[in-house]
Amino acid sequence: MLWWLKMRDSRMQEKKVAMTRGSSLFNTNCSVCHGISGKGSPEAKANASASQAYPDLTDVGKRLDREQISTLLTTGRGRMPSFGHLSKEDRDALINFLLKTETKPASTASAAPDMHSSVITSSVAEGADFPYMPPYLNNGNTQFRDQDNYPAIKPPWGTLNAINLNTGEYLWQVPLGEYPELIKKGLPPTGTENHGGPIVTAGGLLFIAGTYDEKLRAFDKKTGKIVWEYRLPAGGFATPITYMANGKQYVVIAAGGTRYGLKSGGSYVAFALP
C-alpha cells in the first residue's frame, strides 16, 4: 500500500488561531490519525474503512461521555494506543477540548514524551505562543487510491511470501485476497491489504485470513497453492491458532470484522477434519 505523508508548518498556519491547552494537546497527540481539530483525515472522509479506523471526533460527545473518553485515553483500543503517559491534567484538558467545554488558554505542558507521534512536549512559560505545538504536523493517514477507491498502484495489492531462511531467497510469492467484484469482471486475483499473520502446521499447511474478502485460506507451504478456503461470518483480521482436543486437531480464528468498512463480527470459528 502506498501512503501520502505531507508535513505542514503548524506555527505558520496556526499563528492567528488562539490555541488552548486541549487543542494544542490534540494537534500534537491525536491529529496524526483524526485530522486537525478532530474532523478526520482526507482518507477517512472518502473511505468508509478509514472513517471507522480514524473517526471524526467533532461530535464524539454524542457517542461517549467524559468517563468513557477518559478510559479510552488511558487504556487505548484497537489501533488507538494508550495515552496513559499524559498527566491527568493534560488528559482532562484534552477531554474538555473534545467535549467543547474548554475555555481557558493554554499555559503549561507536560514534559512526558508522546509515544504515538514521537514528539516530546515541554513546559513553557505563561503566555508563550503555541504551547505543546511542534513546528510540523503531518496530514494524517492517507492512502493513495484511485477514483474507484482501489489502490492507485499496480497489483498485487497484497501478497503471501515464502522465504528460504537458509538463503534469504523467495521460494514463492502469491496474491493474498481478492476483490469479488473484480473477479466477476474477469480480472485475476489482485490481493488486498491484509491484517493478520499465518500459522503453519506439521502437515505442511499454512493457514491465514486477514483479507478484504473475509476468507480463511489454507495454502500448500511448498508451492503456495490454495488447497482450501472458507468465507467467515466477518473478516478474520487476526492470526489463527491451532490446538488439540480429544485427539483431534483444530484451527480457530477470531472473526471480528470492521476493517475496510466491512461488517463487524463477534465469533470464534473453529475447523477440524471430519
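The values are calculated or read from the model by the stated rules, or taken from the named source; none is laboratory data. Just so it is clear, the model here is predicted, and its values are computed rather than measured. Note that we place each Cβ from the backbone using ideal geometry, even for glycine, and neighbour counts take in every protein chain shown.
Answer yes or no as to whether E229 is within 26 Å of G266 (Cα to Cα), at pLDDT 95 or above and under 22 Å from the mean Cα position of the chain (by Cα). For E229, the condition - within 26 Å of G266 (Cα to Cα), at pLDDT 95 or above and under 22 Å from the mean Cα position of the chain (by Cα) - is not met. Do the conditions hold for E169, that is, is it buried (at least 19 other Cβ atoms within 10 Å of the Cβ), among the charged types (D, E, K, R) and at pLDDT 95 or above? Against the criterion (buried (at least 19 other Cβ atoms within 10 Å of the Cβ), among the charged types (D, E, K, R) and at pLDDT 95 or above), E169 does not qualify.
Residues in segment 202-220 that are touching a Ser or Thr at 6+ places or on another chain (Cβ under 6 Å) and more than 11 Å from T159 (Cα to Cα): Y212 alone. Candidates in segment 193-206 are the residues that are touching a Leu at 6+ places or on another chain (Cβ under 9 Å) and at pLDDT 95 or above; of these, the one that is nearest to A218 (Cα to Cα) is L206.
Across segment 218-239, the qualifying residues are those that are assigned to a loop (DSSP other than H, G, I, E, B) and of a type in the set (S, T, Y), and the one among them that is farthest from P198 (Cα to Cα) is T223.
Here no helices (runs of 4 or more DSSP H) wholly within segment 16-88 include at least 3 residues being more than 21 Å from T142 (Cβ to Cβ), of a type outside the set (D, E) and modelled with pLDDT under 75.
Considering G191, G210, G197, which residue is touching a Gly at 6+ places or on another chain (Cβ under 8 Å) and surrounded by fewer than 19 Cβ atoms within 10 Å (Cβ to Cβ)? Just a single option satisfies the conditions, and that option is G197.
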